[in-house]
Structures are given as C-alpha cells and as structure tokens.
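One structure is given here, and the rest of the page talks about it.
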Amino acid sequence: MDRKKRVAICMSEKKFKKLNFQEICKTCDEYGLEAFKLDLNLSLEEQEPFSVVLHKLTDVITASNEGDKKTCLILSKIENYIKTHPNLIVIDPLPNIQKVLNRFITYKTIYTSVSHTENIFTPNFCELVNPDIKDIKEQLRQSNITFPIICKAVPGHGSQNSHQMSIIFNESGLKDCRIPSVVQKFIKHNAILYKIFTVGDKHSFVERPSLKNYMACDLRKTIFFESTNVSKSDSKSELSILDPQEKVKNFFPNPDIFDFISKSIRQAFGMDLLGIDVIICNETGKYGIIDVNAFPGYDGFQNFNKCLIECILQKLN
Ligand SMILES: Nc1ncnc2c1ncn2[C@@H]1O[C@H](COP(=O)(O)OP(=O)(O)OP(=O)(O)O)[C@@H](O)[C@H]1O
Ligand SMILES: O=P(O)(O)O[C@H]1[C@H](OP(=O)(O)O)[C@@H](OP(=O)(O)O)[C@@H](O)[C@@H](O)[C@@H]1OP(=O)(O)O
Ligand SMILES: [Mg+2]
C-alpha cells in the first residue's frame, strides 16, 4: 500500500497552539494525509519524505530581512531545500510572502492590480525614508494625501513595531512620523472593518470594530496606538467609539465585491492563505483595501481545517 503523503507544518509554537495542531492532524488523516511538525533546527533531509510545506514563517523572514544572522541561516536552509526540490508544494511560496511583509510593496501590489476598478481602491499612500519635515510635506502633496493620515511601520508582520501606528491630524504632527514608515490617507468608515479570510478558492468575511471617523484638525495631538487593540473580535478600544452627535449612514456590504476582492488579491499576491482588511468609505461607498496578511487567525471562519486540507489536496492533484 502507498504511504500517506506527508504535510510538513512549520510555524511558531503560539501559532501551532492556535491552529490546534492535533485537530489538523486528525483532518489530514481523514483525507488520507499525514501532518507532522517540521523542525527547522534539524536537517530537512532527515525529516523526509514530505510533499507539502505548510508554514507561517513571517517572523523568520522578517528577522532575516532585518539581518538576524541565525535566522538568515535557517531561512537559507529552507530556501535551498525548496530550490533543490522543485516538486515540493509550499503554501505559500516564500518570495510571495515577501510582498505582505513590506507595507509599501503590499499597497503598490494592490494599487497596480485591483485598485483601478470602479468600486475598489487602496487609500493614497507613500513611503517615508527621510525625516526632513519639508520633504515629508512634499511627499504627501505629490501622493495626494490629505489629513488625517495614518502612519504604519514598514514591516506588516513579525517585527516588534509592526503593529504600532499613529493618526496624525495636521502639519505640526508630522514630527511624530516614524522613519522609515508608510503613510496612508485615513478613510472615514463608520468604525466598521471587514476581514475577508481566504483559503484557496474559498473565502468568508467577518465584521470587526475599527477606528472612528477622525477628521483633520489643526490643534489635535497625534494619537499613537497598537493596532492589535483595535480590530480583534473582542476589541473595545475607545478609539472606536463614534461621536454620539454624529449621524452615520451605514453601507450594507456587498458579498459579490468581497468575492471579487478575494479572487483579485489571491491572484495578485500568488498566495492561498490570506487575510484582507477592507473598509467602506462613508462618503463614496467604495471599498478600500487597507491591509493584506499572510496566514491570519481565521477567527470566525467555519470549517477552516477542512477547507485548508482541501486546498492542499487540490495542489497535490
Ligand atoms: N487608511 C485607513 N483609514 C482608516 N482606518 C485605518 C486605515 N488603515 C488602518 N486603519 C485602522 O487601523 C487598524 C489597523 O490597521 P492595519 O490593518 O493596517 O494594521 P495591522 O497591524 O497590519 O493589522 P492586523 O492585525 O490585521 O495585522 C485597522 O483595523 C483599521 O481600524
Ligand atoms: O492572533 P490573531 O488570531 O489575532 O491573528 C493575527 C495574526 O496573528 P497570528 O500569526 O498569531 O495568527 C497576525 O499575524 P502577525 O502579524 O502577528 O504575524 C496578523 O495576521 C493579524 O492580521 C491576525 O489577526 P486577524 O487579521 O486574523 O484578526
Ligand atoms: Mg489589519
């Protein structure tokens, strides 16, 4: 009898726990596959055979991008292994993961692939590399970015400051821009965020809390915040409470547009496991893509394990 095909899974212990590795093993077994934890500290050859690598190596790749020597060696080992085993299925391919690790590249990729359509956009953005305020003002002008702006760390995943952000309301706040960073125009969206979770050709979406309708203001001080406190399913941030006197007209989300966004982003990034953050502009009703993540938490995605294994099987066949 043929041996079961083996799926090598490689991620942080924290992610293994969240994913519930035992459950994944069970589902794999039901579908005729065998899952095991790949140990990057051992030789990969020693752990053969395996046909698929399923990973969340965003933290490893980011540390390596940032020059950490030990992590560079680990990453080279796996990259060389992939190079010499062209039939190995890697979910998702490492070069494609790089696109979501740098927010500037992420936004450029969205801009050039999906944002030309009528209802979908990515808010105007630019990369800041020079702390000179005159230069920052000029960059904002050239990129057509008006206040308020949101300033984000360049690495979107895995770095210590990936999730530290600020909202800047006026020119005097520009001194608070972290350098380097990516700046994006703030879009008012009635404090509602939609997370589209994609697994291969399937997706679903959930509603989450988000930032309230901030407006430009000459006197207002910069707000610094941790994005991890704002848009989780149980977040109760004071930054999300709409002004009581504000009358808001909510747009009902259109599942067909989410379907289109999921397909377009999957194609543009060449990835199967994606989290896509979308807000609906409360003035135009257009769908703004503000963030793309590799292998997100999938909190609220029904039958995730089954969809994941079906996605793997599709690639194997
Ligand atoms: N351009 C924008 N306009 C308005 N609000 C925004 C914008 N960009 C981000 N936000 C708000 O800030 C939050 C964090 O932004 P973003 O998703 O880029 O951060 P992140 O750290 O990459 O998040 P994640 O936890 O998804 O990895 C969003 O959930 C949303 O509430
Ligand atoms: O931990 P959570 O379930 O919140 O998942 C978050 C995930 O953390 P994890 O890797 O531990 O799963 C984050 O990855 P890192 O930036 O930290 O690499 C990022 O993808 C968030 O977008 C996910 O939040 P979501 O978009 O799904 O709400
Ligand atoms: Mg996000």
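Every number here is computed from the coordinates shown, using simple stated rules; none is lab data. Given the structure is predicted, the values throughout are model-derived calculations rather than measurements. Every residue, glycine as well, gets a Cβ built from its backbone with ideal geometry; the counts of neighbours run over all protein chains shown.
What residue among 17, 37, 212 has the largest mean-square fluctuation in a Gaussian network model of the chain, using Cα springs under 10 Å?
Largest GNM mean-square fluctuation: 17.
Using bins 20 angstrom wide from zero, how does P(r) for the chain break down, in % of all Cα pairs?
Reading upward from the zero bin: 30, 55, 14, 0.
Quick check for the range 188-269: number of Lys pairs with alpha-carbon distance under 26 Å, counting only pairs 8 or more apart or on different chains?
Final tally of qualifying lysine pairs is 28.
Take the alpha carbon gyration tensor of the range 24-130, find the square roots of its eigenvalues, order them as a ≥ b ≥ c, and report rounded if a/c is under 1.5; if not, report prolate when a/b exceeds b/c, else oblate.
The shape class here is oblate.
Would you report the distance distribution of C-alpha pairs in the range 181-248 as whole percents per 10 angstrom bin, up to the bin with the largest distance?
Cα pair-distance distribution for the range 181-248, in percent: 17, 44, 30, 8, 1.
Which order results if 133, 276, 105, 91 are arranged by neighbouring Cβ count within 10 Å, fewest first?
With the sparsest Cβ surroundings first, the list reads 133, 105, 91, 276.
Quick one: helix 103-113 against the long Cα principal axis of the chain, what's the angle to the nearest 10°, folded into 0 to 90?
Between helix and principal axis, roughly 90 degrees.
Which residue, 80, 161, 130, tops the fluctuation ranking in a GNM of the chain built on C-alpha contacts under 10 Å?
Maximum among the listed residues: 80.
Order by neighbour count: 266, 3, fewest other Cβ atoms within 10 Å first, most last.
Result, fewest neighbours first: 3, 266.
Kindly put 157, 189 in sequence by how many other C-beta atoms sit within 10 Å of each C-beta, fewest to most.
157, 189
Using unit Cβ charges (K, R positive; D, E negative) and no other charged atoms, how large, in debye to the nearest 20, is the dipole of the range 206-290 about its Cα centre?
80
Helix 255-269 sits at what angle to the longest principal axis of the chain, using alpha carbons and giving 0 to 90 degrees rounded to 10?
Helix 255-269 sits roughly 70 degrees off the main axis of the chain.
Per residue and in Å³, how big is the convex hull formed by the alpha-carbon atoms of the range 134-185?
70
Given Cβ point charges of +1 (Lys, Arg) and -1 (Asp, Glu) and nothing else, what value in debye, to the nearest 20, does the dipole of the range 77-186 about its Cα centre take?
For the range 77-186, the charge dipole is close to 140 debye.
If amide hydrogens are placed 1.01 Å from N in the peptide plane, which non-local residues have theirs closer than 5 Å to the one on residue 128?
181, 182, 183
Output the Cα-based Rg and Dmax of the range 41-194 in Å, rounding Rg to one decimal and Dmax to a whole number.
Taking only Cα atoms of the range 41-194, I get Rg and Dmax of 19.1, 59 Å.
Quote the Stokes-Einstein diffusion coefficient, in whole µm² s⁻¹, for the range 1-54, based on the Kirkwood radius over alpha carbon pairs, a temperature of 20 °C and a viscosity of 1.002 mPa s.
For the chosen part, D equals 184 µm²/s.
How large are Rg and Dmax for the range 79-147 when only the alpha carbon atoms are used, in Å?
Cα only, the range 79-147: 17.4, 52 Å (Rg, Dmax).
Based on the alpha-carbon gyration tensor of the range 172-287 and its eigenvalue square roots a ≥ b ≥ c, which shape applies: rounded if a/c is under 1.5, prolate if not and a/b is larger than b/c, or oblate?
prolate
From the phi angles alone, apply the Karplus equation (6.51, -1.76, 1.60; θ = phi - 60°) to the range 230-239 and give each ³J(HN,Hα) in whole Hz, x where the residue is Gly or Pro.
Computed from phi, the couplings for the range 230-239 are 10, 10, 7, 4, 9, 5, 9, 6, 5, 6 Hz.
Can you give me the long-range amide H partners of residue 34? Hydrogens built in the peptide plane at 1.01 Å from N, cutoff under 5 Å, separation of 5 or more residues or another chain.
Those lying under 5 Å, H to H, from residue 34 are 5, 6, 7.
Once the dipole of the chain is set up with Lys and Arg at +1 and Asp and Glu at -1 on Cβ about the Cα centre, which of 31, 269, 10 lies farthest towards its positive end?
269
Restricting to DSSP H runs of at least four residues, report the calculated mean residue ellipticity at 222 nm for the chain, -39500 (n - 2.57) per run over all residues, nearest 500 deg cm²/dmol.
It lands at -9500 deg cm²/dmol.
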